[in-house]
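The values are calculated or read from the model by the stated rules, or taken from the named source; none is laboratory data. Just so it is clear, the structure is predicted and the values come from calculations on it, not from any experiment. Here the Cβ is made from the backbone with ideal geometry for all residues, glycine too, and neighbour counts use every protein chain on show.
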Amino acid sequence: MKAKHVRLLKVPVFGLSLIPLAILVAEILGLWGLSLGTNPVEALIHFTGTWGLNFLLITLAITPLRRLTGQAWLVRFRRMFGLFAYFYLVLHFLSYAGIDQRFALGFILEDIADRPYITLGFTAFLMLSALALTSTRGMVRRLGPRWKKLHRLVYPAAILGVWHYYWLVKADLLEPLLYAAGLALLLGMRAWWRWRQRRAAASSSPA
(Lines give C-alpha, C1' and ligand atoms only; values in the text may rest on other atoms or scores of the structure.)
Protein backbone atom coordinates (compact mmCIF):
# COMPACT_ATOMS: atom_id res chain seq x y z
CA MET A 1 0.00 0.00 0.00
CA LYS A 2 1.30 3.43 -0.91
CA ALA A 3 2.29 5.89 1.82
CA LYS A 4 -0.47 8.37 0.91
CA HIS A 5 -3.09 5.61 1.15
CA VAL A 6 -1.76 4.60 4.58
CA ARG A 7 -2.04 8.22 5.74
CA LEU A 8 -5.64 8.37 4.52
CA LEU A 9 -6.45 5.07 6.22
CA LYS A 10 -5.10 6.37 9.52
CA VAL A 11 -7.99 8.86 9.75
CA PRO A 12 -10.83 6.27 9.99
CA VAL A 13 -8.65 3.99 12.15
CA PHE A 14 -8.07 6.90 14.54
CA GLY A 15 -11.82 7.55 14.62
CA LEU A 16 -12.63 3.90 15.29
CA SER A 17 -10.12 3.86 18.14
CA LEU A 18 -12.08 6.66 19.80
CA ILE A 19 -15.35 4.70 19.80
CA PRO A 20 -14.71 3.16 23.26
CA LEU A 21 -14.19 6.69 24.62
CA ALA A 22 -17.42 7.84 23.00
CA ILE A 23 -19.31 4.90 24.53
CA LEU A 24 -17.78 5.69 27.93
CA VAL A 25 -18.82 9.34 27.73
CA ALA A 26 -22.35 8.30 26.70
CA GLU A 27 -22.54 5.95 29.69
CA ILE A 28 -21.30 8.64 32.09
CA LEU A 29 -23.85 11.13 30.76
CA GLY A 30 -26.63 8.54 30.58
CA LEU A 31 -27.22 9.09 26.88
CA TRP A 32 -29.42 6.73 24.85
CA GLY A 33 -30.24 4.76 27.97
CA LEU A 34 -26.62 3.74 28.55
CA SER A 35 -25.36 3.50 32.12
CA LEU A 36 -22.29 2.45 34.09
CA GLY A 37 -24.53 0.35 36.34
CA THR A 38 -24.91 0.20 40.09
CA ASN A 39 -21.17 0.63 40.77
CA PRO A 40 -20.09 3.30 38.28
CA VAL A 41 -16.57 3.77 39.67
CA GLU A 42 -15.75 0.07 39.41
CA ALA A 43 -17.31 -0.07 35.94
CA LEU A 44 -15.27 2.94 34.83
CA ILE A 45 -12.01 1.42 36.08
CA HIS A 46 -12.82 -1.93 34.45
CA PHE A 47 -13.88 -0.40 31.11
CA THR A 48 -10.79 1.76 30.68
CA GLY A 49 -8.43 -1.01 31.82
CA THR A 50 -9.98 -3.55 29.48
CA TRP A 51 -9.68 -1.25 26.48
CA GLY A 52 -6.11 -0.37 27.38
CA LEU A 53 -5.33 -4.08 27.37
CA ASN A 54 -7.23 -4.57 24.11
CA PHE A 55 -5.16 -1.95 22.33
CA LEU A 56 -1.96 -3.30 23.86
CA LEU A 57 -2.66 -6.74 22.37
CA ILE A 58 -3.64 -5.15 19.05
CA THR A 59 -0.28 -3.39 19.06
CA LEU A 60 1.53 -6.67 19.70
CA ALA A 61 -0.48 -8.33 16.92
CA ILE A 62 0.82 -5.95 14.24
CA THR A 63 4.19 -7.67 13.73
CA PRO A 64 2.76 -11.22 13.47
CA LEU A 65 0.11 -9.97 11.02
CA ARG A 66 2.80 -8.29 8.94
CA ARG A 67 4.87 -11.46 8.83
CA LEU A 68 1.92 -13.71 8.05
CA THR A 69 0.42 -11.48 5.36
CA GLY A 70 3.55 -9.83 3.97
CA GLN A 71 1.85 -6.43 4.29
CA ALA A 72 4.65 -4.19 5.55
CA TRP A 73 2.38 -1.12 5.72
CA LEU A 74 0.67 -2.55 8.82
CA VAL A 75 3.70 -1.49 10.87
CA ARG A 76 2.73 2.14 10.24
CA PHE A 77 -0.22 1.65 12.63
CA ARG A 78 1.76 0.15 15.50
CA ARG A 79 2.66 3.46 17.12
CA MET A 80 -0.94 4.73 16.90
CA PHE A 81 -2.35 1.63 18.56
CA GLY A 82 0.37 1.71 21.20
CA LEU A 83 -0.45 5.29 22.10
CA PHE A 84 -4.16 4.49 22.24
CA ALA A 85 -3.33 1.63 24.63
CA TYR A 86 -1.49 4.10 26.82
CA PHE A 87 -4.28 6.67 26.52
CA TYR A 88 -6.90 4.26 27.84
CA LEU A 89 -4.54 3.05 30.56
CA VAL A 90 -3.97 6.65 31.67
CA LEU A 91 -7.76 6.94 31.98
CA HIS A 92 -7.71 3.64 33.89
CA PHE A 93 -5.11 4.92 36.33
CA LEU A 94 -6.84 8.29 36.75
CA SER A 95 -10.16 6.55 37.37
CA TYR A 96 -8.54 4.62 40.20
CA ALA A 97 -6.29 7.34 41.62
CA GLY A 98 -8.58 10.31 41.06
CA ILE A 99 -12.13 9.05 41.38
CA ASP A 100 -11.74 5.99 43.58
CA GLN A 101 -8.91 7.26 45.82
CA ARG A 102 -9.44 11.02 45.31
CA PHE A 103 -5.69 11.48 44.72
CA ALA A 104 -4.94 10.56 48.34
CA LEU A 105 -1.26 9.81 47.81
CA GLY A 106 -0.85 7.94 51.09
CA PHE A 107 -3.69 5.52 50.33
CA ILE A 108 -2.49 5.05 46.74
CA LEU A 109 1.06 4.21 47.84
CA GLU A 110 -0.28 1.88 50.51
CA ASP A 111 -2.42 0.11 47.90
CA ILE A 112 0.56 -0.25 45.55
CA ALA A 113 2.68 -1.71 48.33
CA ASP A 114 0.10 -3.97 49.97
CA ARG A 115 -2.11 -5.23 47.13
CA PRO A 116 -0.13 -7.39 44.67
CA TYR A 117 -2.47 -6.93 41.70
CA ILE A 118 -2.15 -3.14 42.02
CA THR A 119 1.64 -3.50 42.32
CA LEU A 120 1.69 -5.42 39.03
CA GLY A 121 -0.61 -2.97 37.28
CA PHE A 122 1.33 0.08 38.45
CA THR A 123 4.64 -1.49 37.39
CA ALA A 124 3.24 -2.18 33.93
CA PHE A 125 1.92 1.39 33.77
CA LEU A 126 5.37 2.81 34.57
CA MET A 127 6.93 0.67 31.83
CA LEU A 128 4.38 1.82 29.27
CA SER A 129 4.85 5.43 30.38
CA ALA A 130 8.55 5.14 29.48
CA LEU A 131 7.58 3.78 26.06
CA ALA A 132 5.00 6.50 25.42
CA LEU A 133 7.46 9.26 26.38
CA THR A 134 10.07 7.88 23.97
CA SER A 135 7.73 7.13 21.07
CA THR A 136 8.48 10.30 19.10
CA ARG A 137 10.78 10.33 16.08
CA GLY A 138 13.11 12.68 17.91
CA MET A 139 13.53 10.20 20.77
CA VAL A 140 14.09 7.37 18.29
CA ARG A 141 16.99 9.35 16.80
CA ARG A 142 18.40 10.35 20.19
CA LEU A 143 18.33 6.86 21.67
CA GLY A 144 19.56 5.08 18.55
CA PRO A 145 20.00 1.30 19.10
CA ARG A 146 18.95 1.73 22.75
CA TRP A 147 15.43 2.63 21.57
CA LYS A 148 14.68 -0.93 20.43
CA LYS A 149 16.05 -2.36 23.66
CA LEU A 150 13.91 0.02 25.72
CA HIS A 151 10.76 -0.73 23.74
CA ARG A 152 11.11 -4.43 24.41
CA LEU A 153 9.60 -3.47 27.78
CA VAL A 154 6.25 -3.79 26.02
CA TYR A 155 6.51 -7.58 26.46
CA PRO A 156 6.90 -7.69 30.26
CA ALA A 157 4.42 -4.80 30.53
CA ALA A 158 1.81 -6.82 28.64
CA ILE A 159 2.50 -9.90 30.79
CA LEU A 160 2.14 -7.85 33.98
CA GLY A 161 -1.04 -6.24 32.62
CA VAL A 162 -2.71 -9.60 31.96
CA TRP A 163 -1.47 -10.91 35.31
CA HIS A 164 -2.89 -7.80 37.00
CA TYR A 165 -6.26 -8.51 35.39
CA TYR A 166 -6.15 -12.19 36.41
CA TRP A 167 -5.48 -11.38 40.06
CA LEU A 168 -8.09 -8.63 40.03
CA VAL A 169 -10.92 -10.91 38.92
CA LYS A 170 -12.31 -12.89 41.83
CA ALA A 171 -15.04 -14.99 40.20
CA ASP A 172 -15.24 -15.41 36.42
CA LEU A 173 -11.70 -16.10 35.19
CA LEU A 174 -12.69 -16.79 31.58
CA GLU A 175 -11.97 -13.28 30.29
CA PRO A 176 -8.48 -12.85 31.81
CA LEU A 177 -7.61 -16.39 30.69
CA LEU A 178 -8.61 -15.48 27.13
CA TYR A 179 -6.32 -12.45 27.30
CA ALA A 180 -3.55 -14.68 28.65
CA ALA A 181 -4.05 -17.15 25.79
CA GLY A 182 -3.97 -14.37 23.20
CA LEU A 183 -0.81 -12.90 24.68
CA ALA A 184 0.83 -16.34 24.90
CA LEU A 185 0.07 -16.89 21.21
CA LEU A 186 1.53 -13.52 20.18
CA LEU A 187 4.69 -13.98 22.26
CA GLY A 188 4.98 -17.62 21.26
CA MET A 189 4.96 -16.72 17.57
CA ARG A 190 7.78 -14.25 18.16
CA ALA A 191 9.79 -16.82 20.08
CA TRP A 192 9.27 -19.40 17.34
CA TRP A 193 10.41 -17.04 14.57
CA ARG A 194 13.44 -15.98 16.59
CA TRP A 195 14.39 -19.62 17.21
CA ARG A 196 14.09 -20.38 13.50
CA GLN A 197 16.24 -17.38 12.61
CA ARG A 198 18.95 -18.45 15.05
CA ARG A 199 18.82 -22.02 13.78
CA ALA A 200 19.08 -20.86 10.17
CA ALA A 201 22.00 -18.57 11.04
CA ALA A 202 23.78 -21.36 12.89
CA SER A 203 23.33 -23.84 10.02
CA SER A 204 24.57 -21.34 7.42
CA SER A 205 27.66 -20.30 9.36
CA PRO A 206 30.93 -22.07 8.43
CA ALA A 207 32.02 -24.89 10.71
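If you take just the helices (runs of 4 or more DSSP H) that sit entirely in segment 124-207, which of them hold at least 2 residues that are without any contact (Cβ under 8 Å) to a residue 24 or more places away in the chain?
In segment 124-207, the matching helices (runs of 4 or more DSSP H) lie at 137-143, 145-151, 174-204.
Considering every residue within segment 91-102, establish whether at least one is at negative phi, outside any helix (DSSP H, G or I), at pLDDT below 95 and surrounded by 12 or more Cβ atoms within 10 Å (Cβ to Cβ).
Yes, segment 91-102 has at least one match.
Since Gly15 meets every condition but one in (1) at positive phi; (2) at pLDDT 95 or above, which condition does it not meet?
Just one mismatch for Gly15, condition (1).
Right, Val41: closer than 14 Å to Arg76 by Cβ, surrounded by fewer than 14 Cβ atoms within 10 Å (Cβ to Cβ) and either touching an Asp or Glu at 6+ places or on another chain (Cβ under 6 Å) or without any contact (Cβ under 8 Å) to a residue 60 or more places away in the chain (or both) or not?
Criteria not met by Val41.
Kindly provide the set of residues from segment 62-86 that are touching a residue at least 60 places away in the same chain (Cβ under 8 Å) and either touching a Phe, Trp or Tyr at 6+ places or on another chain (Cβ under 9 Å) or surrounded by fewer than 18 Cβ atoms within 10 Å (Cβ to Cβ) (or both), ordered by number.
Those that are touching a residue at least 60 places away in the same chain (Cβ under 8 Å) and either touching a Phe, Trp or Tyr at 6+ places or on another chain (Cβ under 9 Å) or surrounded by fewer than 18 Cβ atoms within 10 Å (Cβ to Cβ) (or both): Thr63, Pro64, Arg67, Gln71, Trp73, Arg76, Met80, Phe81, Gly82, Phe84.
With surrounded by fewer than 16 Cβ atoms within 10 Å (Cβ to Cβ) and of a type in the set (Asp, Glu) as the only criterion, which of Glu27, Glu110 stands out?
Glu110
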